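The values are calculated or read from the model by the stated rules, or taken from the named source; none is laboratory data. What you are looking at is a predicted structure, and each value in this text was computed from that prediction instead of being measured. Positions of Cβ are backbone-derived with ideal geometry, glycine not excepted, and every protein chain shown enters the neighbour counts. Accessible surface is based on the protein model in full, side chains and every heavy atom, while ligands, DNA and RNA are left aside. Shrake-Rupley method; radii C 1.70, N 1.55, O 1.52, S 1.80 Å.
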Amino acid sequence: MTTSQPAHELTDLAQRTLTCCADIAACTEEPGQITRTFLCAPMHDAHARLDAWAAALGLQTREDAAGNWRATRRSDREGARTLVIGSHLDSVPNAGAYDGVLGVVLGLSLLDALKDTPLPYHVELVGFSEEEGVRFSVPFIGSRALLGTAEELLTVTDAQGKTVAQAITEYGLDVGQLAEAQLREDVLGYLEMHIEQGPVLEAEDRSLAAVHAIAGQSRLNFTFSGKANHAGTTPMHLRRDALAGASAFVLAAENLARNTPGLVATVGALRPLPGASNVIPGEVQFTLDLRHAQDEVREGALARLLAEAQQLAEARDLTFTSEVRLEEPATPMDPALTELLGEALAAEGHVSTPMVSGAGHDAMLLGHTWPATMLFLRSPGGLSHHPDEAVRGEDVEAALRVGTRFLHLLAEREEAR
Ligand SMILES: [Zn+2]
């Protein structure tokens with residue numbers, strides 16, 4: 001089996017990948033912006049653009065009942081298992097052109113690069129219909145359908161009071177066929193290519209990285225309570241200023257995260273009450289978002305911050321309460337697949353050290369059922385969920401090189417089974 005591709009071929013495919021992303025960006029609910037939420041009508045046009053390319057490769061395509069775009073390439077090998085390659089086609093409002101979409105189009109590009117190369121596994125390429133959770137406030141509806149667990153979401157409603165089941169019907173699909181969206185094959189693994197959506201690769205001057213874990217996260221709501229009083233007449237030593245206490249906590253969280261490798265801590269919302277310039281804040285409500293690739297580290301950090309909050313409150317004669325809103329364990333990627341991706345990176349001259357994903361992805365959900373791995377592409381400016389979101393052509397080409405190398409290595413591994 002050949003392991004190298006003619007250089008110009010992948011350069012052309014990288015260009016075609018970017019053109020296809022731009023074509024799909026034109027399929028939008030809001031003229032002048034990129035907005036493509038779950039089961040919106042323009043998703044049909046996005047699928048049509050992918051269909052045209054897939055048809056030229058002789059791939060069978062379909063839209064499943066959850067609105068996922070699917071393309072299947074069958075192997076001649078008896079007892080062949082299935083590699084799933086995918087990412088999502090929905091977007092946040094006023095999005096960029098690459099979050100999710102790039103991974104789907106890169107998948108198609110890889111199948112194009114290998115169109116004349118027999119593989120000992122089937123490939124199921126999926127453009128997930130929903131990952132962002134914009135319309136129904138529940139993420140991963142598309143990937144859940146592949147696992148056969150989307151049924152329970154059919155009665156969830158959007159802002160207009162429409163259910164998922166109604167949305168599926170209005171889009172022109174048969175909700176009765178949802179069970180057929182489940183992938184009932186022997187899946188050898190899941191590969192997701194995605195822009196990093198952060199500044200790490202750019203800071204390290206790297207094009208690509210494998211992902212070894214998707215960080216777990218804790219989200220909490222806090223309230224610090226003191227006593228509101230007159231800003232002019234209450235001397236400093238007689239105050240019970242809840243905002244001063246909360247501010248000390250914000251800095252404590254930042255300090256702990258700065259001194260704990262891999263930990264990120266964010267107080268993203270903070271509301272002092274009553275919120276007037278001449279009143280001492282009597283109460284502050286705020287949030288904490290804590291993430292790390294290892295659950296023990298995150299849990300240990302949270303315990304320390306809760307103890308710190310208690311101490312800060314006592315020292316200032318305040319009271320504090322906290323409420324856990326979300327507790328999501330880390331998702332380790334499959335070590336063997338991630339190592340194979342690392343081999344492909346090294347073989348193509350890249351640093352193979354894997355990184356952690358701080359954001360959630362379809363691989364987070366699917367990684368609990370199938371061996372999963374991810375390939376990140378550098379995000380210029382670390383920017384995402386923004387119209388200026390970008391990707392470098394050379395990085396797309398590098399991803400194609402590493403991707404084809406990975407598929408070859410995977411073929412060798414499957415043949416040796
Ligand atoms: Zn995404």
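Quick check: with the 1.4 Å probe, what order do 212, 237, 122 take by accessible area, largest first? Display every interim value, and only then the final one.
Numbers: 212 75, 237 150, 122 20 Å².
Ranked list, largest accessible area first: 237, 212, 122.
Over the stretch 9-108, what percent of the accessible surface lies on carbon and sulfur atoms, probe 1.4 Å?
Working: 1610 of 3570 Å².
Reported share for carbon and sulfur atoms: 45 percent.
Rolling a 1.4 Å probe over the protein chains gives residue 98 an accessible area of about 40 Å². Both numbers refer to the Cα atoms of the chain; Rg and Dmax are 24.1, 85 Å. Across the stretch 61-154, Cα pairs under 8 Å and at least six residues apart give a relative contact order of 35 percent.
Quarter the surface of the alpha carbon convex hull of the stretch 216-328 and you get the mean projected area, 6.7 square nanometres. Taking 7 Å along the Cα-to-C-beta vector as the label spot, tell me the residue 180-residue 303 distance in nanometres, rounded to one decimal. Inter-label distance under the simple model: 5.2 nm.
Computed from point charges on the beta carbon alone (+1 for Lys and Arg, -1 for Asp and Glu), the dipole magnitude for the stretch 267-339 about its Cα centre is near 400 Debye.
Taking the Cα centre of the stretch 216-328 as the origin, how large is its charge dipole in debye, to the nearest 20, when only Lys and Arg (+1) and Asp and Glu (-1) carry charge on their Cβ atoms? Intermediate results must be reported in sequence, preceding the final value.
Details: 11 positive and 13 negative charges, 77 e Å.
The calculation lands at about 360 debye.
Across the chain, the longest run free of exposed loop sites, meaning GluC sites (Glu not before Pro) lying outside DSSP classes H, G, I, E and B with no more than 15 other Cβ atoms within 10 Å, spans 205-417.
Along the charge dipole of the chain, which of 147, 259, 123 sits closest to the positive end, that is, farthest toward it, with unit charges on the beta carbon of Lys, Arg, Asp and Glu (+1, +1, -1, -1)? Result: 259, furthest along the dipole toward the positive end. Counting only protein chain heavy atoms and rolling a 1.4 Å probe, the accessible areas of 12, 76, 51 rank, largest first, as 76, 12, 51. Size of the stretch 7-62: Rg and Dmax of its alpha carbons, in Å, are 13.0, 38.
Spatial offset of the stretch 130-176 relative to the stretch 77-101 amounts to 17 Å, using the alpha carbon center of each.
Here the sum of -39500 (n - 2.57) over DSSP H runs of 4 or more residues, divided by the residues of the chain, equals -11000 deg cm²/dmol at 222 nm, to the nearest 500. One way to sum up the overall shape of the stretch 162-245 is the equivalent ellipsoid from its Cα gyration tensor, whose semi-axes run 51, 28, 13 Å, largest first.
The magnitude of the dipole of the chain, with charges of +1 and -1 set on the Cβ of Lys/Arg and Asp/Glu and taken from the Cα centre, is near 920 debye. Taking every protein chain into account, the accessible area of the chain amounts to 42 square angstrom per residue (probe 1.4 Å).
So for the chain, averaging the separation of alpha carbon pairs under 8 Å that are six or more residues apart and normalising by length, what relative contact order in percent results?
Working: 886 pairs, mean separation 88.8, N = 417.
Computed value for the chain: 21 percent relative contact order.
Extension gain, residue 311 to residue 386: 0.36 nm times the residue separation minus the Cα-Cα distance gives 23.0 nm.
Take residue 236: with every protein chain present and a 1.4 Å probe, its accessible area is about 150 Å². Expressed as a whole percent, the accessible area of the stretch 216-328 that falls on carbon and sulfur atoms is 50 (1.4 Å probe).
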